[in-house]
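Asker: A single structure is presented below for examination.
The values are calculated or read from the model by the stated rules, or taken from the named source; none is laboratory data. Treat the numbers as computed from the prediction; the structure is a model and nothing was measured. FYI the Cβ positions are ideal-geometry reconstructions off the backbone, even for glycines, and counts take in every protein chain you see. With ligands, DNA and RNA removed, areas are computed over all heavy atoms of the protein, side chains included. Shrake-Rupley method; radii C 1.70, N 1.55, O 1.52, S 1.80 Å.
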Amino acid sequence: MGKPTGFLEHEREAVPYRDPLDRLNDYGEINTRPSEKHLQTQGSRCMDCGVPFCQSGNGCPIDNLIPEWNDLVYNNEWQEALERLEKTNNFPEFTGRVCPAPCEGSCVLGLNNPAVTIKNIELAIVDKGFEEGWIKPKLIESRTDKKVAVVGSGPAGLAAADELNQMGHSVMVYERSDRIGGLLMYGIPNMKLGKDVVDRRVDLLMQEGVEFMTNTDVGKDISTDELQNNFDAVIFTTGATKARDLPAENRNAKGIYPAMDYLTSNTKSLLDNGIADESQLSAKGKNVIVIGGGDTGTDCIGTSLRQGAKSIINFELMSQPPEHRSDTNPWPEWPMILRTSSAHEEGGERDYNVLTKNFYGNGKVEKLICEKVEWVENNETGRPDLKPLENSAFEIEADLVLLAMGFVHPLQEGLLNDLSVEFDQRGNVKTDNNLMTNIDGVFSCGDMQRGQSLVVHAIASGRRCARSIDLFLMGKSDLYKNMLNYFSDAELIDIKNIKKDD
C-alpha cells in the first residue's frame, strides 16, 4: 500500500462511459480512456485492510492480486503491475470490460465508503500493456508428446488452451461457429467488448502455438471417437446454451426469439457486412419487449436502441432491488441492489413484478397480455411464492419480443449423448473434483459444467481444468496459480488417483 491515507483524501471516481447521445450512433466500445494521474489517485484509495477480501472468498474468482497492482499503479510501476495481473488472469482485457466486479462488492473500503475502482484499474493496466508492446507471444521452448482437444472456444476453453499450451502440450481448439470466441464473440455486443479485442488475443494464442479449427461441429463434422483416438485428453467447454423458455400461450407466434439468437444475428451482420442486422430479427421501427433483467436483457436493450426501435420496455418478474444493501445482504456478499447499466442510461423503460400470460396475435405477435405479481414469503418452505395481484392484468403492444431469462444447462443432445456423459441434477455435465467426467480422459469446465455464470468464473474453471489435465497427462503440474477459490484442501488433487494409466 503506497499511501496509507489515500482512501481518506480521495473520493471514488469511476471512469465514465462515452456520452449516451454520442455512443447511440455507433457500435463502438462505450469505454473512455482515463488519464494515468486519475488511475494513480484511485489506486491510492486501496487501504491497508489486513485481509483483502477483494481477491478471495466472495471477491475475485481467479484470486487476482488486486492490492499489489493497485499499489504498483499508484507508484507508476505499470509494467510490474501487468506482470502481477498476468499471474492470475489469462484475459484481463475481457474481464476489465465485461465483469460485474465481485471484487468491488467485497472491497473492505466498501464497508462504509464507495469501493476502490478495481475494474477500471485492471482494464487500464492491460490496455497499456498492449499499447506499450509489453504483451508479446510467449513462445514455447519445448513440447511434450501430449495432445489435447478443446471443444468450444469461449473464455473457459481459451483459458484451458492457453494454460495447457504454456505447459508444452499441443492444443487444438474446435469451434462450431465461423469465428473463435464463443460468447465473447457473439454473445456480448460490440459496444461492451470490441471484437478486435477478442481477435487480438486469439491471434496471440495462435502465435504461441494453439491451433484453432472453426466451422467444426464435434459429433457431426468430426466424431467423438476420432477425438478420443487422436488426443490424450478432451475438454468439453461449449457453455450452457439451452435458453430458459417462457411457456406462455401462443409462444410459437412469429416475432418471439431467444435473446442470444437476436444478439448473435446482429453481431454477425456487423462483422460480415459492416451494417446492423436487417433481417426479421431487427428491432428497427418496432415496439420491443425484453423479458428478463440480467446482462443479456440489457444487451438486447442497447442493441435495439442502436437498430432504431420505436419503443423498448424491459419486464422483470422479480421485484425492484433496493438502492442500498438490505440487512439480509451484508458485506462482503455481492450487493443485491438496483443498478443502472449503460443500456438503461441510453433509453427504454423498466417494469418489475410483471408476469407474461399470453402472446397475442394472428400468427405474429401483436401484443402481450400481462399481470402484476408480488412475492409472498412462505414460512413452510422458506422461499417466496409468486402471487398474482387482483385486477392487475394489462395489455401492451409488441412487434418483437426477446426472451432473456438466462440459460438452464448445456444442450444434452448430440455429442454428449454420443459419449454417454453423465449429467448432474441441474442438467450440467457431471464431473469429479478434478473436472473429469465419467469417461476417462474426458473433462468439462466453464458454464457447461458449472452452469450459467460470469466470464471470470469461466476463466477460473478453465485454469483449474488445465491443471487437472496436466496432472492427468504428466503425473505432476506447476499450474497452481493462487487458485484459492477453486481448490479447497479437500479438493487438492491426489496425483496417484488422477495419473493416466499406462
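Asker: Going residue by residue through the range 102-114, is there one that turns out to be of a type in the set (Ser, Thr, Tyr), within 22 Å of the chain's Cα centre (by Cα) and surrounded by fewer than 23 Cβ atoms within 10 Å (Cβ to Cβ)? Working first, answer last.
Answerer: To start, the set of residues in the range 102-114 that are of a type in the set (Ser, Thr, Tyr) comprises 106.
Those left that are additionally within 22 Å of the chain's Cα centre (by Cα): 106.
In the following step, the residues that additionally are surrounded by fewer than 23 Cβ atoms within 10 Å (Cβ to Cβ) were identified as none.
No, the range 102-114 contains no residue that is of a type in the set (Ser, Thr, Tyr), within 22 Å of the chain's Cα centre (by Cα) and surrounded by fewer than 23 Cβ atoms within 10 Å (Cβ to Cβ).
Asker: Which one of these is touching a residue at least 60 places away in the same chain (Cβ under 8 Å) and closer than 30 Å to Leu270 by Cβ: Gly28, Gly6, Gly43, Gly59? Step through it out loud before you land on a result.
Answerer: Numbers: Gly6 fails: closer than 30 Å to Leu270 by Cβ; Gly43 fails: closer than 30 Å to Leu270 by Cβ; Gly59 fails: closer than 30 Å to Leu270 by Cβ.
Going through Gly28, Gly6, Gly43, Gly59 in turn, just one is touching a residue at least 60 places away in the same chain (Cβ under 8 Å) and closer than 30 Å to Leu270 by Cβ: Gly28.
Asker: Right, next: Take the conditions closer than 23 Å to Gly446 by Cα and open to solvent by 20 Å² or more (accessible area, probe 1.4 Å) and apply them to Ala243. Does it pass?
Answerer: Numbers: closer than 23 Å to Gly446 by Cα: yes; open to solvent by 20 Å² or more (accessible area, probe 1.4 Å): yes.
The answer is yes for Ala243.
Asker: Looking only at the range 133-162, how many residues end up being within 25 Å of the chain's Cα centre (by Cα) and either under 26 Å from Gln228 (Cβ atoms) or of a type in the set (A, V, I, L, M, F, W, C) (or both)?
Answerer: 16
Asker: Can you name the residue in the range 410-434 that is open to solvent by 70 Å² or more (accessible area, probe 1.4 Å) and more than 16 Å from Asp447 (Cα to Cα) and, of all such residues, is modelled with the highest pLDDT?
Answerer: Looking at the filtered set, the residue picked out is Ser420.
Asker: To continue, here is another question. With the condition kept exactly as written, say whether any residue in the range 32-54 is under 30 Å from Gly308 (Cβ atoms) and either part of a helix (DSSP H, G or I) or in contact with a strand residue (DSSP E or B) (Cβ under 8 Å, 6 or more places away or on another chain) (or both). Working first, answer last.
Answerer: Kept after step one, since they are under 30 Å from Gly308 (Cβ atoms), are these residues of the range 32-54: 32-33.
Filter once more, keeping what is either part of a helix (DSSP H, G or I) or in contact with a strand residue (DSSP E or B) (Cβ under 8 Å, 6 or more places away or on another chain) (or both): 32.
Yes, there is a match, as at least one residue in the range 32-54 is under 30 Å from Gly308 (Cβ atoms) and either part of a helix (DSSP H, G or I) or in contact with a strand residue (DSSP E or B) (Cβ under 8 Å, 6 or more places away or on another chain) (or both).
Asker: When the range 361-382 is examined, which residues are found to be more than 25 Å from Ser319 (Cα to Cα) and either in a strand (DSSP E or B) or open to solvent by less than 40 Å² (accessible area, probe 1.4 Å) (or both)?
Answerer: Within the range 361-382, the first condition is being more than 25 Å from Ser319 (Cα to Cα), and the residues that meet it are 361-366.
Result: Gly361, Lys364, Val365.
Asker: Another one. Search the range 356-368 for residues that are more than 11 Å from Ala253 (Cβ to Cβ) and pair each with any residue that is open to solvent by 20 Å² or more (accessible area, probe 1.4 Å) and of a type outside the set (Lys, Arg) when their beta-carbon atoms are under 8 Å apart and the residues are at least 6 apart or on different chains.
Answerer: Correct list of pairs: Thr356/Leu246; Thr356/Ile369; Lys357/Glu249; Lys357/Ile369; Lys357/Glu371; Lys357/Ala393.
Asker: Still on this model: Go through Ile140, Ile135, Ile188, Ile180 for me and flag whichever is among the β-branched types (Val, Ile, Thr), in contact with a strand residue (DSSP E or B) (Cβ under 9 Å, 6 or more places away or on another chain) and not in a helix (DSSP H, G or I). Before you say what the answer is, go through the steps one by one.
Answerer: Values: Ile140 fails: in contact with a strand residue (DSSP E or B) (Cβ under 9 Å, 6 or more places away or on another chain); Ile135 fails: in contact with a strand residue (DSSP E or B) (Cβ under 9 Å, 6 or more places away or on another chain); Ile188 fails: in contact with a strand residue (DSSP E or B) (Cβ under 9 Å, 6 or more places away or on another chain).
Of the residues listed, the single one that is among the β-branched types (Val, Ile, Thr), in contact with a strand residue (DSSP E or B) (Cβ under 9 Å, 6 or more places away or on another chain) and not in a helix (DSSP H, G or I) is Ile180.
Asker: Restricting the range 163-197 to residues that are crowded, with 23+ Cβ neighbours inside 10 Å and without any contact (Cβ under 8 Å) to a residue 40 or more places away in the chain, which is nearest to Ile62 (Cα to Cα)?
Answerer: Gly181
Asker: Open to solvent by less than 60 Å² (accessible area, probe 1.4 Å), touching a residue at least 24 places away in the same chain (Cβ under 8 Å) and either farther than 24 Å from Asn31 by Cα or assigned to a loop (DSSP other than H, G, I, E, B) (or both): which single residue out of Ala343, Ala283 fits that description? If you could, list the steps in order and put the result at the bottom.
Answerer: On the way: Ala343 fails: either farther than 24 Å from Asn31 by Cα or assigned to a loop (DSSP other than H, G, I, E, B) (or both).
Result of the check over Ala343, Ala283: Ala283.
Asker: Give the range 200-239 a look and list any residue that's open to solvent by less than 70 Å² (accessible area, probe 1.4 Å), at pLDDT 95 or above and in a helix (DSSP H, G or I), or say none.
Answerer: Passing the criteria: Arg201, Val202, Leu204, Leu205.
Asker: Right, here's the next one. Can you name the residue in the range 442-478 that is open to solvent by 10 Å² or more (accessible area, probe 1.4 Å) and outside any helix (DSSP H, G or I) and, of all such residues, is farthest from Gln166 (Cα to Cα)?
Answerer: Of everything passing the filter in the range 442-478, Gln452 is farthest from Gln166 (Cα to Cα).
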